[in-house]
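Trainee: Let me give you the structure first, and then I'll get to my questions.
The values are calculated or read from the model by the stated rules, or taken from the named source; none is laboratory data. Keep in mind that this is a model prediction, so the values were computed, not measured. With ideal geometry, Cβ positions are generated from the backbone for all residues, glycine too; neighbour counts draw on all protein chains shown. Quick note on the areas: whole protein, heavy atoms, side chains included, nothing else; ligands and nucleic acids left out. Shrake-Rupley method; radii C 1.70, N 1.55, O 1.52, S 1.80 Å.
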Amino acid sequence: MKIGILYGSMTGHSKKIASAIGEAIKVEPQNVKTKPEFKKLDLLIVIGGIYGGVSHKGLLQYLNSLNKESVKQAALITSCCSGSQRQDRLRSILEEKGIPVMADEYVCCGNFLIFRLGHPNKAEIQGAVDYVKKIIAKLSLKKETK
């Protein structure tokens, strides 16, 4: 299974999450700033924050350049101060391009200024790693049964 990890980070939270996932599954995370070229991925893991109610602008722009020939499906991981906002705009962009997005999305707390300091914490980062491992196991099982 060919997997890519893409992140956009303004505060370092998404990079921290992407690095932990990359280490766990042995995939090098790619910063959206470098405009990586993904080819024929079975799964693209997209990690980004919500800033003032809006998804990372670099991720929004980059995802607009993808096509369903490059990426079979995607999974979203989000950090935000509320710990509850989802990447609805990212999801819409991918789905409009014919790239299915996993129904569940991992969302954890981030911090902003003095609010929610210490987030994402170790448990939340581990939760993101576990979420990805679970998806990979599910996709691998589906592939085996075909």
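Trainee: Taking segment 57-74 as the region of interest, how many residues are hydrophobic (A, V, I, L, M, F, W, C) and exposed (fewer than 14 other Cβ atoms within 10 Å of the Cβ)?
Mentor: Qualifying residue count, segment 57-74: 0.
Trainee: Do you know which residues across segment 23-36 are in a helix (DSSP H, G or I) and without any contact (Cβ under 8 Å) to a residue 12 or more places away in the chain?
Mentor: Glu23, Thr34
Trainee: Going through Val107, Val54 one at a time, which residue ends up being crowded, with 17+ Cβ neighbours inside 10 Å and either among the aliphatic types (A, V, I, L, M) or modelled with pLDDT of 95 or more (or both)?
Mentor: The match here is Val107.
Trainee: Tell me whether segment 37-51 contains one or more residues that are open to solvent by 30 Å² or more (accessible area, probe 1.4 Å) and either in a strand (DSSP E or B) or touching a residue at least 60 places away in the same chain (Cβ under 8 Å) (or both).
Mentor: Looking for residues that are open to solvent by 30 Å² or more (accessible area, probe 1.4 Å) and either in a strand (DSSP E or B) or touching a residue at least 60 places away in the same chain (Cβ under 8 Å) (or both), one finds at least one in segment 37-51, hence yes.
Trainee: May I ask you to verify whether Ile77 is open to solvent by less than 90 Å² (accessible area, probe 1.4 Å) and in a helix (DSSP H, G or I)?
Mentor: In short, no.
Trainee: Could you check Lys143 against (1) modelled with pLDDT of 95 or more; (2) in a helix (DSSP H, G or I); (3) closer than 19 Å to Lys2 by Cβ and say which number it fails?
Mentor: Unmet for Lys143, out of (1) modelled with pLDDT of 95 or more; (2) in a helix (DSSP H, G or I); (3) closer than 19 Å to Lys2 by Cβ: (1).
Trainee: Do you know which residues across segment 124-134 are closer than 19 Å to Leu44 by Cβ and surrounded by fewer than 18 Cβ atoms within 10 Å (Cβ to Cβ)?
Mentor: Asp130, Lys133, Lys134
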